[in-house]
Amino acid sequence: MAPHVNLGALLQAEFQEDVAHREDGLCVVGIFGKSSTQTGPLKGSLINTLADKHIFSLFGESEEGDSADSHIEAFYDQENRVLYLLLSSVCDSRQLLRACRSLSAGISHSDAHDFWKGLDRQHCLHLLYMFSVCHVLLLVHPSQTFDVTHDRLFRALDALRQKVLPLIRAAIKDCAVSKEWKLNCRPCPPRLLFVFQMTATLKVSGNGSDSGGNPDKPKKHSPRRRLQHALEDQIYRIFRKSRVLTNQSSNCLFTVPANQAFVYVIPAADKDPVGTLLGQLRSNCILSEQDTTPVLSGPRRYQQMRRSARQPSGESTSMLMGSQLVDCSLKEFLWQHVELVLTKKGFDDSVGRNPQPSHFELPTYTKWVQVASRLYQVLITNTDEELAELATKVQSQVKVLDGFLDADTKFSENRCQKALPLAHSAYQSNLPHNYTTTVHKNQLAQALRVYSQHARGVAFQRYALQLHEDCYKFWSNGHQLCEERSLTDQHCVHKFHLLPQPGEKPDMDHNPPIMNHNSRGRSTSSCNCGRKQAPREDPFDIQAANYDFYQ
């Protein structure tokens with residue numbers, strides 16, 4: 001399988017392995033993270049480097065078209081028994097651009113916020129899937145600075161995983177894997193590695209000496225390696241403080257090695273491409289002249305390359321090395337962890353006085369596909385009728401992410417909830433006991449002005465509608481004035497009521513009460529001939545004015 005494919009297509013395809021590799025174990029490596037605004041995809045180029053093949057396009061074309069949804073692409077390196085999973089999400093510049101194009105011009109603030117948070121939840125579910133099926137994970141940063149927002153993301157993922165763990169157990173209970181895998185819902189606690197891209201703004205000297213130190217006394221480690229050590233200390237300290245990492249690795253979302261490097265910094269590209277190519281050609285020629293060992297394949301070939309690269313090779317190589325330790329390549333950095341998986345040694349990353357060994361299983365390709373397919377249906381696609389109920393329950397648990405990732409909504413709701421009592425007070429100030437629709441609208445406008453002075457954020461519209469409803473309920477609950485006007489254009493003084501039907505008596509205890517209109521206006525009228533005069537109530541209809549009074 002040379003080209004990369006969508007993970008869903010890989011899981012559905014009937015891939016036939018070679019007979020020689022059918023019973024061999026499979027190491028699954030996941031790659032996720034952020035990308036910069038550069039032309040070529042950083043994460044895709046990493047797989048090109050690791051597999052020594054041109055797999056992902058340098059221009060980032062995707063089979064997903066213009067969709068901004070998260071998706072996982074897979075490449076199976078059958079020779080080395082490594083399956084690479086590449087997660088593309090809204091954290092990538094190309095996917096972010098597609099998401100911005102899909103937004104309409106007139107969309108409201110709250111609708112746009114819901115759109116972005118939907119993409120974030122989708123990204124988290126894909127990440128949870130990666131942490132459930134991979135042995136090793138690479139977190140890619142487009143710069144040499146650690147993004148501390150990943151700490152909050154990992155705490156959210158850990159909380160979500162604890163919520164959906166019983167549902168995942170039910171999904172994979174019939175799979176042909178070990179009891180430990182079914183219990184923990186993963187082949188092992190995955191080991192998380194960090195890859196940083198050194199930008200052109202950070203330049204280091206070639207001999208590795210600091211500007212403030214003694215140039216005649218070179219350092220043991222190169223500046224890039226010292227940067228890697230500093231990042232390792234920083235990342236470990238952050239995750240231990242937030243308890244993302246604990247002493248027992250089996251209880252953690254992921255682990256980091258205690259005695260191996262877990263940070264790699266990719267050096268910045270040289271601005272002189274001709275000089276870079278000449279240097280690579282010179283180093284390849286030196287290797288070819290001195291390499292007399294037979295050519296091997298697979299991991300043993302890689303070990304041979306690593307040993308030959310660490311041996312001093314001539315005068316020119318010793319000039320480049322000086323007295324510093326040689327920086328390893330990206331493939332060497334990753335393969336020291338992959339070897340632990342392929343040799344079934346596993347990861348022993350627990351620390352403390354009584355470290356507990358964590359479970360580890362190296363599945364065959366067939367067993368891994370069986371588990372990964374069921375998890376893919378439950379966590380991502382939800383197209384299998386047999387697992388539809390479990391997938392629906394998983395979606396209902398996604399709301400646990402809001403407490404960690406949706407700080408904007410939490411802040412907005414707190415502000416709007418504090419503004420509502422102030423708006424209610426502004427509405428009820430200087431109100432008569434009963435009042436008309438005009439007074440209600442004027443007071444509501446005043447309440448909305450007070451509310452808009454204090455409320456902020458995406459919850460503004462929702463709580464503004466709640467303010468409308470609260471004010472209308474207050475007005476209609478015994479404070480609504482009858483809107484009828486008499487023939488002399490005077491309001492009825494009663495609260496909202498019903499008129500009695502012919503032969504029906506007034507009932508004040510009814511809700512709403514049954515009574516006749518009354519404006520409290522009286523006038524004196526005479527009969528048609530003018531002989532008699534009598535006081536009369538202010539009439540509300542023509543019959544009462546021109547007929548009933550004269551009867």
**Asked** What is the one condition in (1) within 30 Å of residue 78 (Cα to Cα); (2) open to solvent by 30 Å² or more (accessible area, probe 1.4 Å); (3) assigned to a helix (DSSP H, G or I) that residue 379 does not satisfy?
**Response** (2)
**Asked** Just a yes or no: is a residue in region 208-222 under 28 Å from residue 140 (Cβ atoms), open to solvent by less than 50 Å² (accessible area, probe 1.4 Å), modelled with pLDDT of 60 or more and not in a loop (DSSP other than H, G, I, E, B)?
**Response** no
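Restricting the search to region 223-261, which residues are charged (D, E, K, R), part of a helix (DSSP H, G or I) and more than 13 Å from residue 146 (Cβ to Cβ)?
Residues satisfying the conditions are 224, 225, 226, 240, 241.
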**Prompt:** Just one of the numbered conditions (1) open to solvent by 30 Å² or more (accessible area, probe 1.4 Å); (2) free of Cβ contacts under 8 Å to residues at least 60 places away in the same chain is not true of residue 88; which one?
**Reply:** (1)
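Determine, yes or no, whether residue 40 is open to solvent by 20 Å² or more (accessible area, probe 1.4 Å), of a type outside the set (Val, Ile, Thr) and at pLDDT below 65.
yes
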**Fill in**
Flagged pairs (Cβ under 7 angstrom, 6 or more apart or on separate chains; first in region 101-126, under 21 Å from residue 155 (Cα atoms); second acidic (Asp, Glu) and not in a helix (DSSP H, G or I)) are 117/406; 122/69
**Message:** Could you go through region 451-458 and let me know if any residue there is open to solvent by 40 Å² or more (accessible area, probe 1.4 Å), charged (D, E, K, R) and not in a helix (DSSP H, G or I).
**Reply:** yes
**Prompt:** So, in region 114-138, of the ones that are open to solvent by less than 20 Å² (accessible area, probe 1.4 Å) and more than 21 Å from residue 360 (Cβ to Cβ), which residue ends up modelled with the lowest pLDDT?
**Reply:** 119
**Message:** Can you pull out every residue in region 167-196 that is more than 19 Å from residue 398 (Cα to Cα), in a helix (DSSP H, G or I) and open to solvent by 10 Å² or more (accessible area, probe 1.4 Å)?
**Reply:** 179, 180, 182, 183, 184
**Message:** Condition first: more than 16 Å from residue 455 (Cα to Cα), part of a helix (DSSP H, G or I) and hydrophobic (A, V, I, L, M, F, W, C). Now tell me which residues in region 392-440 satisfy that.
**Reply:** 394, 398, 400, 401, 404, 405, 439
**Complete:** Subset of region 401-442, residues modelled with pLDDT under 85, surrounded by fewer than 17 Cβ atoms within 10 Å (Cβ to Cβ) and of a type in the set (A, V, I, L, M, F, W, C), comes to 407
**Asked** Of the residues that make up region 50-71, is at least one at pLDDT 80 or above, among the hydroxyl-bearing types (Ser, Thr, Tyr) and either closer than 30 Å to residue 345 by Cα or open to solvent by 30 Å² or more (accessible area, probe 1.4 Å) (or both)?
**Response** no
**Prompt:** Restricting attention to region 197-207, does a residue exist that is farther than 26 Å from residue 26 by Cα, at pLDDT 75 or above and under 40 Å from the mean Cα position of the chain (by Cα)?
**Reply:** yes
**Asked** Would a scan of region 383-391 turn up a residue that is within 30 Å of residue 260 (Cα to Cα), open to solvent by less than 30 Å² (accessible area, probe 1.4 Å) and either assigned to a helix (DSSP H, G or I) or not acidic (Asp, Glu) (or both)?
**Response** no
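The values are calculated or read from the model by the stated rules, or taken from the named source; none is laboratory data. Note that the coordinates shown come from a computational prediction; the quantities given were computed from them, not determined experimentally. Methodologically, a virtual Cβ is constructed for each residue, glycine included, from the backbone with ideal geometry; neighbour enumeration extends over all protein chains shown. Keep in mind that these areas ignore ligands, DNA and RNA; they rest on the heavy atoms of the full protein, side chains included. Shrake-Rupley method; radii C 1.70, N 1.55, O 1.52, S 1.80 Å.
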